Every structure is written in structure tokens, then in C-alpha cells.
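Q: Sharing a structure, written as C-alpha cells. Questions coming.
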Amino acid sequence: QVQLVESGGGSVQAGGSLRLSCAASGYTYCMAWFRQAPGKEREGVASIYTGGGGSYYADFVKGRFTISSDNAKNTLYLHMNSLKPEDTAMYYCAADDGRWDCGAGPRPSRMYKYWGQGTQVTVSS
């Protein structure tokens, strides 16, 4: 069993930056960030194969967000730049201990076994 704890959320103005962190209680090969705005469906933001297989970004964040992992610390990061009001959402960290192609393209949330409680990101105009 792996526990995930997100941090780093907050309120920023449009164009600002934030860095989200996800501390895991153990190592997992697949990790990802999802987000969900009130009344809307959960959507994948970015994912990474921490074993070195690559990373994936949703089109709406590509070029603005960067996903990375510090495997020695079992920590996942999401560096967010040029934030927009539409980025406002609860951001969730997800992980799975399977060795699959999580960094090769978009994968549904059901592929991830472990989930954090989320951290709120609010971007104002």
C-alpha cells in the first residue's frame, strides 16, 4: 500500500507559477497528475514513467507544465508556469506500482491504484 500526499497548491494571478509536490510513502513506476474543476469531469494533466520511460502531457498544458520525479525521495512534482484561470481545479496525484506505458500517452484514471486527497489551485484574472 502506497500513500500519496499533495502540497503546493494555492491562489495565484493569471500568468503566475506554482510547483505542486506529491510525497509518496514508497516507490512506484508510474505516477501522474489529474485535475478536476467543480461540476466537471476529471482529466489527466501529465504522467511519467519514473523508471526512465518518458513523460506525457495533455495538449492544454504542453509547453507550460513540467512533470518530474525525484526517485530518491519518492516525490513527484508538477511545475506550472503561465497559469490561466481555466487551470483552476483540484489537482490529484496518482500512482501505480505496475510497469506499464504510463509515460507514452494519455491513460485513464482507472489505471492508477493509489490516489492522494488533492491540492487546490486557483488562478484569478
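Q: Quote to one decimal, in nm, the extra length available between R99 and M111 on full extension: 0.36 nm per residue of separation minus the C-alpha distance between them.
A: Value of the extension gain: 3.2 nm.
Q: Something else about it: Assuming 0.36 nm per residue, please report the length gained on full extension of the stretch A37 to Q13 beyond their Cα-Cα distance.
A: The span from A37 to Q13 would gain 6.9 nm if fully extended.
Q: With every protein chain in place, what's the accessible area of M90 (1.4 Å probe, Å², nearest 10)?
A: Counting only protein heavy atoms, M90 exposes about 60 Å² to solvent.
Q: Of all accessible surface on region 6-103 at a 1.4 Å probe, what whole percent is carbon and sulfur?
A: With neighbouring chains kept in place, the figure for region 6-103 is 45 percent.
Q: Give me the percent relative contact order of the chain, please, defined on Cα pairs under 8 angstrom at least 6 residues apart.
A: 37
Q: Mind checking which aspartates and glutamates have their Cα closer than 16 Å to the Cα of K62? Skip sequence neighbours fewer than 8 apart in that chain.
A: The qualifying aspartates and glutamates are E43, E86, D87.
Q: At most 10 other Cβ atoms within 10 Å and a DSSP loop assignment: could you name the GluC sites (Glu not before Pro) in region 34-125 that fit?
A: Those satisfying the criteria are E41.
The values are calculated or read from the model by the stated rules, or taken from the named source; none is laboratory data. All values reported here derive from a predicted model rather than from experimental measurement. Using ideal geometry, Cβ is built from the backbone for each residue, glycine included, and neighbour counts are taken over all protein chains shown. The accessibility values were calculated without ligands, DNA or RNA, using every heavy atom of the protein model including side chains. Shrake-Rupley method; radii C 1.70, N 1.55, O 1.52, S 1.80 Å.
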